[in-house]
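Every number in this text was worked out from the coordinates using simple rules, so none of it is lab data. This structure is a prediction, so every number in the text was calculated from the model and none was measured. Here Cβ is always computed from backbone atoms with ideal geometry, including for glycine, and neighbour counts include all displayed protein chains.
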Amino acid sequence: MAVTDKSWNRWQYLACLQNSNNQYGLGFCYNGTVPTILRIGGLRVVIYPNDHRPAHVHVIGNECEAVFCLHCPDGPAELRENFGFASKEIGRIQTRLMDELSYLCNAWRKTHGTF
């Protein structure tokens, strides 16, 4: 089963995130070191080094995760998946991602080459 499969419930997903010996090693349950490229309050914004196009970021914290497509280079940052964040928090995150879009797109390009 793919980690991003919609049949996974939130708790299975979080267990996968917390299991450093998970079997997947791709996508959400990446098993390597992932640098934080931006902080939004106590949340981490990351780009997985083995991830796929199109350009996107994962926002992680408070036992939640959301994925935003960046639509580089001009945006807008658009919510693709949400695991646990409240709508108000998603709006706040999205606003901050748009404020930092140029930086985030540049970070994606440095990691993956193209958008």
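Each Cα pair under 8 Å and six or more residues apart adds its sequence gap; the mean of these over the residue count of segment 34-112 is a relative contact order of 23 percent. Of the Cα atoms belonging to segment 34-112, the radius of gyration and Dmax stand at 11.2, 31 Å.
Taking segment 82-115 and a reference point 7 angstrom along Cα→Cβ of Asp74, the backbone N atoms nearer than 20 Å belong to 95, 97-109, 114-115. Sequence-distant contacts, meaning Cα pairs under 8 Å at least 6 residues apart, place the relative contact order of segment 68-115 at 37 percent.
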